[in-house]
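Notes to accompany the following structure.
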Amino acid sequence: MNELFFGVANSGQFAYCLVVLAIAGFAQGMFGLGFAMIATPLLALVLDYRGAVFLAAVPLLFIAISYLAVQWRLVMSEPLSKAITPGLILGSFVGVWLQTSLPEYAALALLAILLAGSAALPVILQRWLALRQKSANASPTAFGAFAGLTDTALNVGAPFIVLYGGLNSLNRLQQLLALNLCFAIGKTIQVTITTTSMPIPIALNYLGWGVMISLVAYLAGANLNGRFSEIGFRRALNIFLYVMACVLGYRALAHWFS
């Protein structure tokens, strides 16, 4: 078990975790997504899976709440908020149960599959739109449930929100609202259940540093929003996700055979 669980971290390991959270927070602030997809697999390379998920979840909860606090008028007036929330709540509770039930190799394998699917999302969306030209709009409850489930079980709920937004032609502000609702609701349920039902997997002092670094990086990225190419970021993110999917898939196999 890694040392962060006992509150005494190797300085190099701790510095690595802070750098990962800073990069992920900066990307989240600049482009509106990417925190958990970047942080979770990179943290899982040096931490136990549950510790990696928790260390990425808590800063993202604060980031999402800060976004929704600024956009509270939009939250209250946008019908999307009420439409997607029930599914997010239901899926989040199921996801927390799933996270505690899965063995580590299975969780790593599922995370690898989800990351690869996230990278292939543009192709999936294009094919889906071609197949359902005459069908009704995608259900916010169903997509919210899948987003909540994967967000709390694997820390990656954004793909289902992005897919839902593409199928229903949501504008950027609506997509950001849906993403941050997913993160805020999912992480609130995940963190609350985790902290009340089992030992916290990360020492509180390191968790505090992680939250602070993530928020500062997020605000720095938000100040530069729109100054860099989002297309370029998404291409780079997709390459990163494919690489991480391969690495985590290998780790899952190693855990399974060991």
Can you tell me which residue among TYR250, TYR242, TYR218 is under 20 Å from VAL19 (Cβ atoms) and assigned to a helix (DSSP H, G or I)?
TYR218
Considering only segment 137-155, state which residues are crowded, with 24+ Cβ neighbours inside 10 Å and either in contact with a strand residue (DSSP E or B) (Cβ under 6 Å, 6 or more places away or on another chain) or in contact (Cβ under 8 Å) with a residue 60 or more places away in the chain (or both).
GLY144, ALA147, GLY148, ASP151, THR152, LEU154, ASN155
Subset of segment 243-258 [closer than 17 Å to LEU154 by Cβ and either surrounded by 14 or more Cβ atoms within 10 Å (Cβ to Cβ) or in contact with a Lys or Arg (Cβ under 8 Å, 6 or more places away or on another chain) (or both)]
MET244, ALA245, VAL247, LEU248, GLY249, ARG251, ALA252, HIS255
Surrounded by fewer than 20 Cβ atoms within 10 Å (Cβ to Cβ), among the polar types (S, T, N, Q) and farther than 28 Å from THR196 by Cα - does that describe any residue in segment 63-83?
yes
Exactly one condition in (1) surrounded by 12 or more Cβ atoms within 10 Å (Cβ to Cβ); (2) more than 13 Å from LEU55 (Cβ to Cβ); (3) at pLDDT below 90 is false for GLN174; which is it?
(3)
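Residue by residue, here is whether (1) closer than 13 Å to ASP151 by Cα; (2) at pLDDT 90 or above holds:
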residue	(1), (2)
PHE31	no, no
GLY51	no, no
PHE54	yes, yes
VAL58	yes, yes
SER81	no, yes
LEU110	yes, yes
ILE113	no, yes
Could you run through segment 221-233 and say how many residues are part of a helix (DSSP H, G or I) and either without any contact (Cβ under 8 Å) to a residue 24 or more places away in the chain or surrounded by 16 or more Cβ atoms within 10 Å (Cβ to Cβ) (or both)?
4
Can you tell which of ALA36, ALA44, ALA52 is in contact with a Ser or Thr (Cβ under 7 Å, 6 or more places away or on another chain) and buried (at least 23 other Cβ atoms within 10 Å of the Cβ)?
ALA52
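The values are calculated or read from the model by the stated rules, or taken from the named source; none is laboratory data. All values reported here derive from a predicted model rather than from experimental measurement. Cβ sites come from the backbone with ideal geometry, for glycine too, and all protein chains shown count toward neighbours.
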